[in-house]
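J.: Quick one: structure below, then a few questions.
The values are calculated or read from the model by the stated rules, or taken from the named source; none is laboratory data. This one's a predicted model, so the numbers in the text were calculated from it and none came from an experiment. For neighbour counting, all protein chains shown are included, and Cβ atoms are generated from backbone atoms with ideal geometry for every residue, glycine included. Only protein heavy atoms, including side chains, enter the accessible area calculation; ligands, DNA and RNA are left aside. Shrake-Rupley method; radii C 1.70, N 1.55, O 1.52, S 1.80 Å.
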Amino acid sequence: MNAVTRNRPRIVVVGAGFAGHQAARTLSRQLRDNAEIVLLNPTDYFLYLPLLPQVAAGILEPRRVTVSLPGTLPRVRLVLGEADRVDLAARRVHYTGPEDDKGELEYDRLVLAVGSVNKLLPVPGVAEHAHGFRGLPEALYLRDHVTRQIELAAATGDPDECAARCTFVVVGAGYTGTEVAAQGQMFTDALVRKQRAWRHAGHKPRWLLLDIAPRVLPELDRRLSRTADKVLRGRGVDVRTQTSVKEATREGVLLDDGEFVDTRTVVWCVGVRPDPLVSEVGLPVERGRLLVEPTLNVPGHPEVFACGDAAAVPDLTRPGEYTPMTAQHAARQGKVAGRNVAASLGYGERQQYKHNDLGFVVDLGGVKAAANPLGVPLSGPLAGAVTRGYHLAAMPGNRVRVAADWMLDAVLPRQAVQLGLVRSWSVPLDTSSPELARVPGARARAQQSEPDG
């Protein structure tokens, strides 16, 4: 059925991250049954990324950070698939379904909110021996992998192997890397306390957090940086700033100062880049993001909108700059995109995107956190309470379940078991779909050579 014969205009939203989910929800509320809203996404859930480190650390169960799309968007038709190509002239989005079936969606309005993927740097060996942290499969793999390394380290009689297996390297001291290292140190300490065999191992778990920047959380306020640095070092994390990885191998990583760190674990958190689909649309981009107007419209294509990490949105609070790629901006841009798409169909008025940062929160595990709500710097238990309160308020669902997991974690030991659901080769670093694990049939095509041990 084409755009001429359809009774209602069709709006296709590509991507269900912070921006896409908010855009679809806003559209469904404003338009109700006056338009057909279609959401194209590889999974049937919205992933609340800020809590993903807690999944890797065994605090939250995986389904706690996944919110059902059909359950929260009842007026939106979900199409499972990955967008392959956008045909602007024909107004079609071509996609591949979960069973490799091909399909296409015609649209009268298009919202591109495909999000971001792991950012790669030309460092030898990284693509083969490191793993990212952008999707649920990667978090599940890391939890299994860390548990396995601690168990293997306790069982081996070789002190060098023991030291290598209980050494964990996190590259990138931004928001994600800092939380992964903070939560990871607490997780491995808890694993060690439960294993009697560890008393004879002779080594304690060691976490290294590396970044080329002069401080952790370089993109955030210096007071947040100092708080996080103090907590990390006090917990035993080896924080090394102005340090980068020169090469990664199966046995470890070579740092730019010449030191070789024996390890079996490299977590790549150096940042993100826009989904490659954005650059393939054929429209002007800024560092991989579609250039858009303050209304989130793509110039020259009044039927196309872009938001979140897919869009280079002019920052009206900082003339000459673009809004950073954060969840806070993505969620709010999604709302504005939804309103402006509705306005383009005659429902409501257009508005420009303008938002001042409300502050940031960084969960450092336990009762520790760093936060600056509305610019007020906080640390310690108060920051921890504010951080968790913020996450509960920001989640579009699962609030009671998340709070219940937090309470149980405070009084009960964490379950230290390997589920074995995600293997090393199924979560390659160089992927345009971190939300999907590679299926067994694709293993022969995988370029991974790293074993699961």
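J.: Determine the pairs where a residue that is over 13 Å from Phe360 (Cα atoms), located within segment 384-396, has a partner that is basic (Lys, Arg) with Cβ atoms under 7 Å apart, the partner being 6 or more residues away or on another chain.
T.: Every condition considered, the pairs that remain are Leu392/Arg399.
J.: For Glu303, only one of the following conditions fails: (1) under 30 Å from Val180 (Cβ atoms); (2) in a strand (DSSP E or B); (3) open to solvent by 10 Å² or more (accessible area, probe 1.4 Å); (4) of a type outside the set (Lys, Arg). What is its number?
T.: Every condition holds for Glu303 apart from (1).
J.: Given the residues Arg443, Arg401, which is the only one that is at pLDDT 90 or above, within 21 Å of Pro137 (Cα to Cα) and open to solvent by 50 Å² or more (accessible area, probe 1.4 Å)?
T.: Exactly one residue qualifies, and that residue is Arg401.
J.: Of all residues in segment 217-228, how many are open to solvent by 20 Å² or more (accessible area, probe 1.4 Å) and either closer than 15 Å to Ala383 by Cα or β-branched (Val, Ile, Thr) (or both)?
T.: Total meeting the criteria: 4.
J.: Would you check which residues across segment 362-383 are touching a residue at least 60 places away in the same chain (Cβ under 8 Å) and either open to solvent by 70 Å² or more (accessible area, probe 1.4 Å) or within 20 Å of the chain's Cα centre (by Cα) (or both) and list them?
T.: Across segment 362-383, the qualifying residues are Val362, Asp363, Leu364, Gly365, Lys368, Ala370, Ala371.
J.: While we're looking at this one, here's another question. I'd like to check something: does segment 334-347 contain any residue that is outside any helix (DSSP H, G or I), surrounded by 24 or more Cβ atoms within 10 Å (Cβ to Cβ) and at negative phi?
T.: Looking for residues that are outside any helix (DSSP H, G or I), surrounded by 24 or more Cβ atoms within 10 Å (Cβ to Cβ) and at negative phi, one finds none in segment 334-347, hence no.
J.: Follow-up question, since we're still on this one. Among the numbered criteria (1) assigned to a helix (DSSP H, G or I); (2) open to solvent by 10 Å² or more (accessible area, probe 1.4 Å), which one does Arg6 miss?
T.: It is condition (1) that Arg6 fails.
J.: Next up: Given the conditions (1) at pLDDT below 95; (2) closer than 26 Å to Leu51 by Cβ; (3) assigned to a loop (DSSP other than H, G, I, E, B), which single one is not true for Arg193?
T.: All conditions are met except number (3).
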